[in-house]
Amino acid sequence: MVEQLLVGLIVLIAAAYCVWFICPADLRVALVRRLQRRCSDTPAATLLPGIARAAAVPNSACAGCGARTRCPANRSAEVIPLQRSAHSTK
Amino acid sequence: MTAATAALDAPRRVALLGNPNCGKTALFNLLTGSRQKVANYAGVTVERKEGRVASPSGRSYRVLDLPGAYSLNADSADEAVTRDVLLGRLSDEERPELLICVTDATNLRLNLRLVLEVRQLGIPMLLALNMSDLAERRGIRVDTHKLSELLGMPVVSTVGIARHGADRLLASLDEIDYAAVAEHAPEWKTPSLDQVTQTHRQVREILEQVVASGEGERRWDESIDRVVMHPLLGLVILAAVLLLMFQAVFSWAGLPMDAIDAATGWVGVQVGGMMSEGPLRSLLVDGIIAGVGGVIIFLPQIVILFAFILALEDSGYLPRAAFLLDRFMGKVGLSGRSFIPLLSSFACAIPGIMATRVISNTRDRLTTILIAPLMTCSARLPVYALLIAAFIPEQSVAGVFNLQGLVLFGLYLSGIVSAMAVAWVMQRFGGSLAHHPLMMELPTWRLPNLRNLLLGLLERVKIFLRRVGGIILAMMIVLWALSSYPAAPIDAIGPAIDHSYAGMIGHLIQPLFAPLGFSWEICVALVPGLAAREVAVGALATVYAVSGGADEAAALGTIVAQQWSLATALALLAWYVFAPQCLPTLAVIKRETQSWRYPLLAAGYLFGLAWLAAFFTYQIAVALGAG
């Protein structure tokens, strides 16, 4: 029984990590912000700064990329929409 | 104090301007020390840094460190902010009264273009010849008096990292004629291609008059370039370099791969022997050790691949390869500017897609974004390597080439050719097959720095191991659970995995892939591959381990060779040349294009191509008797 519980817990943590990993960073950050608003007065609030930091870390395929310090998760406002670059000459 | 004297005493507004990596920020730190205020420009996340400095005469200056820019024709948010500050377009920012144009004295050819462009704005300017110590050490001598005369502005040598490196610059601040500051904001128009070419010519003429560089070094560079960048010979050399790279991936990685294989097999046996039968043992042996071991075995091949890429990058060969391929890019309507993003995509499509920001033409950028996933990223390597090792005999061709390496080269080439074909179709139907000339700075040839190379490799190893210990491990655990539960009924016939969730999912989607010769086990492996492609190999290892026991898991290649036909293996290889299943890549396409249309288009056309390529490969192989 204990073995079953332990295996169940490991699988649960792994599944949660997979979901966390697949989520785009900005979605994770938005989720954590919502949590921060809701749980600011609860004991869980002490964990939230750490979760917020983890949410902003690019951890999907971006983690394997040399340009990760310029990840859109951190510098989203710098994304150049296609329409804007249309003004450039060629 | 009167208003007039107050105005006279007010600190002058000075802005530091320059190309990225010219040592501008080091000079700013040297000038202002700790007297800095850091904030963001309104509305964007571009950093705004301002500091104060006093000249030897006691006059006070407010120094603004503008974001690095190559041109006022902005291609990034950083460059747009620089341009807007200079043109007085930012409501919260006063126009500077003096521009200190910081240049890298070792690379004036690139830096002077911005100086000439900004000079046209009519703002008082001073040229800081930064890194002058480094230029001196390299034998580059700059005639500062002549340069000052030609540019019509004071020129001062600086060393941003030396304690007194900016003393002469500070003294020069008082000598500027600030009366020349225009009342009205300067005018600026996007330069035409002719104007850009004219600026390049002007830079060349100035350099000929003021710079005396190490002639020997330049001659050496030019002689190598004559061979390496020859339109025909250069392409032969490029093909040979790539071929050598892929040969090495198979030929040199054998020993370490065998060692890792033996080590993971040993760990599996030891752990299995120490534990009694039960779900925890199965999770560890069939799920974690078999799955993770099935992926980690490819580390030596990834290290060899990146050792080549890093060495080529460090030597200065890659920009030259971009130049060589510009002609071919032009034929499909793309410019050489697309080469670097596409090259980055060989490591991972995500940085490649982000690197398309350097492409100013919308259609070129969009096309490059959409074809970037066709470049063979390093995550596909484990899949290719597994199938090639299982099905392609290790024999030499023409006494020189290794057949396995040739097949790998062919797969990479297929990705490139397909990308070019797709680009041609997109550009043709978009009505733009015009060739845009490529202008880029070619770095000096140099021997790759061993330390840089090792640091780069170490970084790649860390990244791979983080992936193995992170998402791949987690995926293997989840897949093990899906493959093990629910347990088979007591009276069930056939393997227990058939009754599991993974078995159900596999059997559910298998009809879609049956014409491609894919078994339900392959279909199951394709699903976790959505998060990271190499997970597919670990997933196969786990599925076969759960269905057959730990002994089989230790030799995934053998199982694949025994249970699959050659036609199926070839079809899966063809599938992976196009395979769209990488969710993070699609997410980045969405972000970069600010639209759902393009990621959906990418996923759709890649899936269609993958299915058709695998279908034809399988059917042709079966017809030829490989089924």
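All of the numbers you see were taken from the coordinates with simple rules; none came from a lab. Given the structure is predicted, the values throughout are model-derived calculations rather than measurements. Backbone-built Cβ (ideal geometry, glycine too); neighbour counts: all protein chains shown.
Residue separation times 0.36 nm, minus the C-alpha to C-alpha distance between residue B:519 and residue B:116: what's the value?
Value of the extension gain: 138.7 nm.
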Note on chain B, DSSP bridge orientation, antiparallel percent to nearest 5 equals 45 percent
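Can you pull the mean other chain C-beta count within 10 Å for peptide B:465-472?
Average per residue, whole number: 3.
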With label points set 7 Å from each Cα along the Cα-to-Cβ direction at residue B:274 and residue A:51, the distance between them in nm comes to 3.5 nm
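Over its Cα atoms, what ratio of radius of gyration to 2.2 N^0.38 Å does chain B give?
It is 1.17.
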Rounded to the nearest 10 degrees, the helix B:254-274 long axis (Cα) sits at an angle to the longest Cα principal axis of chain B of 60 degrees
Magnitude of the Cβ-charge dipole (Lys and Arg +1, Asp and Glu -1) of the protein assembly as shown about the Cα centre, nearest 20 debye, reported as 1220 debye
Share (percent) of C-alpha pair distances in the protein assembly as shown greater than 43 Å works out to 36 percent
Magnitude of the Cβ-charge dipole (Lys and Arg +1, Asp and Glu -1) of the range B:274-415 about the Cα centre, nearest 20 debye, reported as 620 debye
Any aspartates and glutamates whose Cα falls less than 14 Å from that of residue B:590, other than same-chain ones fewer than 8 residues away, would be A:26
Once both label points are put 7 Å beyond Cα along the C-beta direction, the residue B:209-residue B:561 separation in nm becomes 7.1 nm
Given unit charges at Cβ for Lys, Arg (+) and Asp, Glu (-), the dipole magnitude of the range A:2-64 about its Cα centre in debye, nearest 20, is 300 debye
Two pseudo-spin positions, 7 Å from Cα along C-beta at residue B:230 and at residue A:42, lie apart in nanometres by 7.2 nm
Out of B:17, B:245, B:396 - ranked by how far each Cα lies towards the positive end of the dipole of the protein assembly as shown, with unit charges on the beta-carbon of charged residues - the top one is B:17
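Neighbouring Cβ atoms within 10 Å as the yardstick, rank B:245, A:1, B:274 fewest first. Kindly include the intermediate steps, with their values, before the conclusion.
Numbers: B:245 20, A:1 5, B:274 9.
Fewest to most other Cβ atoms nearby, the residues stand as A:1, B:274, B:245.
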Only helices counted: for chain B, with every DSSP H run of 4 or more residues adding -39500 (n - 2.57) and the sum spread over all residues, [θ] at 222 nm is -18000 deg cm²/dmol
Shape call for the range A:2-64, from the Cα gyration tensor axes a ≥ b ≥ c (a/c under 1.5 means rounded, otherwise prolate when a/b beats b/c, else oblate), comes out oblate
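Looking at chain B, which longest stretch skips every one of the GluC sites (Glu not before Pro) that is in a DSSP loop with at most 13 other Cβ atoms within 10 Å, leaving the sites themselves out? List each step's numbers first, then the result.
On the way: sites that count: B:94, B:175, B:183, B:187, B:277, B:394, B:441.
Between exposed loop sites, the widest span is B:442-627.
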Out of A:4, A:55, A:15 - ranked by how far each Cα lies towards the positive end of the dipole of the range A:2-64, with unit charges on the beta-carbon of charged residues - the top one is A:55
If the chain between residue B:331 and residue B:219 were fully extended at 0.36 nm per residue, the gain over the current Cα-Cα distance would be 37.1 nm
